[in-house]
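**Student:** Next up is a structure, given as C-alpha cells.
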Amino acid sequence: MQREWSHLMRSYADLHLCPSLDDMDNARSMANALTELQTKMIGLLVPPDRLSSSEPVVEVFGNAGLDVATRLDLRPRSREELLRNLSRFRGKYEIISVECRTPSVSRVAVRDRRVDIVYFPKREPRNLLRSRLAETCRAALEFNLSELISGPGFEARLHVFKREIETAVDASIDVIGSTKAANPYELRSPRDIAALLHLIGLPLDAALRSVSDNADTMVKKNRQRLGRPQLEEGVRILRRSARHA
C-alpha cells in the first residue's frame, strides 16, 4: 500500500516538448492534453533568439497550471563548439541537453556538469552510449518516445534502446523519459512512457523516476543556480552585502 501511495503522489513531467512558438491553438491543445494526462512539469524548447522576450506560448502552458522549464537542445559539431555554447547559455536556461553525434562531443558532454541531459540519436546505431562513456557520465540519459515509435526500422531502434538502458542501469545513470512532442497527437502519459521503459529493461522504480523525480530534481537544482549563482562546486552565494547589491 505504501509503494502504491508513493506512486500516486508523484509529480509527473515531460521535459522535451518542441511545439511551434507561434501557433497558439496548437499550444492550447497541447496544454489541455497534458493536463488530462496528469503532467505537471514540462521542458519547453525555446531557441536563444526567442528567450529574451516574453513568449505568449509560455503563458499558454502556464495558465493551464503547468510548471514550464525553458530548454535548449545543443547539437554541436565539435567539442570546441560545445564548450562555447555551454559558456554562453548555461546561465540562461533551466535545462540544457546535448545531442551526442561524435565521439569528441560525447566525451565532453557526459562529464561536463553544465550539461543536464545527453541524447544519442537512436536512428544511428553507431552513436551509442557505451560503457567507457557511461563510467564517467554525470548527465541524465534521455529516451524520446517519438524516436522509437515513428518511422520504419522499429526492431532495430528497440534493440538500440535496450542496449542503452542496459548500459545506463549498469553505470547507475539517471534516465529521463520524454516524448519530444510537437503537437497533442504525439503526447503520451508519463506513466505510459515509464511502462514502456520498464518493459525494455529499466527497473520499475527507475522508470517512474525517469518521468518524475529525476526531472523535478534537475529543474529545481538549476533554478537555484540561476537565482543564486554558485562560485564553485558545493559553494553558493547565500546573501550579498549592501555594497555589492
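The values are calculated or read from the model by the stated rules, or taken from the named source; none is laboratory data. Everything numeric in this text was worked out from a predicted model, so none of it was measured. Here Cβ is always computed from backbone atoms with ideal geometry, including for glycine, and neighbour counts include all displayed protein chains.
**Student:** Does ALA182 satisfy being closer than 30 Å to ARG225 by Cα, small (Gly, Ala, Ser), out of contact with any Gly (no Cβ under 9 Å at 6 or more places or on another chain) and surrounded by fewer than 19 Cβ atoms within 10 Å (Cβ to Cβ)?
**Tutor:** Answer is yes for this residue.
**Student:** Still on this structure, please answer the following. Specify the residue that is nearest to ALA181 (Cα to Cα); the eligible residues are those in the stretch 95-125 that are among the β-branched types (Val, Ile, Thr) and assigned to a helix (DSSP H, G or I).
**Tutor:** That would be VAL105.
**Student:** I would also like to ask the following. Do you know which of the residues in the stretch 92-117 that are farther than 21 Å from VAL46 by Cα and polar (S, T, N, Q) is nearest to the chain's Cα centre (by Cα)?
**Tutor:** Among residues in the stretch 92-117 that are farther than 21 Å from VAL46 by Cα and polar (S, T, N, Q), the one nearest to the chain's Cα centre (by Cα) is SER106.
**Student:** How many residues are surrounded by 19 or more Cβ atoms within 10 Å (Cβ to Cβ), more than 14 Å from ILE165 (Cα to Cα), modelled with pLDDT of 90 or more and out of contact with any Asp or Glu (no Cβ under 8 Å at 6 or more places or on another chain) if we restrict to the stretch 115-151?
**Tutor:** 2
**Student:** Tell me which residues, restricted to the stretch 59-74, are of a type outside the set (D, E, K, R) and either assigned to a helix (DSSP H, G or I) or farther than 22 Å from VAL98 by Cα (or both).
**Tutor:** Across the stretch 59-74, the qualifying residues are VAL60, PHE61, GLY62, ASN63, ALA64, GLY65, LEU66.
**Student:** What tally of residues in the stretch 126-172 results from selecting those that are of a type outside the set (Gly, Ala, Ser), in contact (Cβ under 8 Å) with a residue 12 or more places away in the chain, outside any helix (DSSP H, G or I) and over 17 Å from ILE193 (Cβ atoms)?
**Tutor:** So the answer is 8.
**Student:** Another one. Is it the case that the stretch 124-134 has a residue that's under 20 Å from GLY201 (Cβ atoms), among the hydrophobic types (A, V, I, L, M, F, W, C) and touching a strand residue (DSSP E or B) at 6+ places or on another chain (Cβ under 8 Å)?
**Tutor:** Yes, the conditions are met somewhere in the stretch 124-134.
**Student:** All but one of (1) more than 30 Å from SER87 (Cβ to Cβ); (2) at pLDDT 95 or above hold for ILE200; state the number of the condition that does not hold.
**Tutor:** For ILE200, the exception is condition (2).
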